[in-house]
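One structure is given below, encoded as structure tokens.
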Amino acid sequence: MHTGRPDRRDPVDPQHLCAAAQVWDTRPVRIRREQPSDRPDVLRVVHEAFETGPDEPGEVALTRALFDDPGYIPEYSLVATANGHVIGYVIGTRGYLGDTPAVGIAPLAVARAHQQRGVGSALMWALIGAAQAWHEPALVLLGENDYYGRFDFTPAAGEGIDAPDASWGRYFQALVLTDDPVGGRFRYAQAFGL
């Protein structure tokens, strides 16, 4: 029976790996910290990922503002590159649960030609790993439950974490990375205007 995963005994061809695991396409993808020289490409990718009409998406202005925000954390501003070109981006910025530092994630963006190939997942796993390495207590975000559930995010209210806007409901999600109690209302970085 074929499970959709390559058998360890069979040679793995990159096309099969892409289709089965949806992690990488046939080009090598590298995740690294964003550099100031990447910013025009980052803004292009964010624009492309969120474009729905003739106006600049709000996520572009937010990203631009986050680069200059006091909550900007270089270790949590990550790009995905393929063949030397930026194809994806994610940023986590300093927020607070009461007086406890935590991380707010947004935006996560992947260029259209590279979507559905695991680039966004690779960025998220890299950001989660960085947050664990820096002993962050929790990560929060606003997004689709089905997508972010694969990274163990759950509705934040179930973790005792309140959204800045109660109408966000179950779409405001958290990943708690500590055994210590966390909770309270989350405050995003200033650039979010919340």
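Observations
- With the charge dipole of region 104-170 set up from +1 on Lys and Arg Cβ and -1 on Asp and Glu Cβ about the Cα centre, the Cα lying farthest toward the positive end among the listed residues Pro137, Gln115, Tyr148 is that of Gln115.
- On the chain, 50 percent of the accessible area sits on carbon and sulfur atoms, based on a 1.4 Å probe.
- Accessible area per residue for region 38-190 is 46 Å², calculated with a 1.4 Å probe on protein heavy atoms, without ligands, DNA or RNA.
- Evaluated with a Cβ-only charge set (Lys, Arg +1; Asp, Glu -1), region 55-176 carries a dipole of roughly 420 debye about its Cα centre, given to the nearest 20.
- Largest to smallest in accessible area, the residues His47, His135, His85 fall in the order His135, His85, His47 (1.4 Å probe, all protein chains included).
- Coordinate range of the alpha-carbon atoms in the chain per principal axis, descending: 52, 40, 31 Å.
- Degrees, to the nearest 10: 39-50 long Cα axis against longest axis of the chain: 90 degrees
- Table column - 3J(HN,Hα) (Hz), region 122-135, Karplus curve with 6.51, -1.76, 1.60, x for Gly and Pro: 4, 5, 5, 5, 5, 5, 4, x, 5, 5, 5, 4, 8, 6
- Degrees separating the helix 58-67 axis from the principal Cα axis of the chain, which is the longest one: 80 degrees
The values are calculated or read from the model by the stated rules, or taken from the named source; none is laboratory data. It should be emphasised that the depicted structure is a prediction, and the values quoted were computed from it without experimental measurement. Here the Cβ is made from the backbone with ideal geometry for all residues, glycine too, and neighbour counts use every protein chain on show. SASA here: full protein model, heavy atoms, side chains in, ligands and nucleic acids out. Shrake-Rupley method; radii C 1.70, N 1.55, O 1.52, S 1.80 Å.
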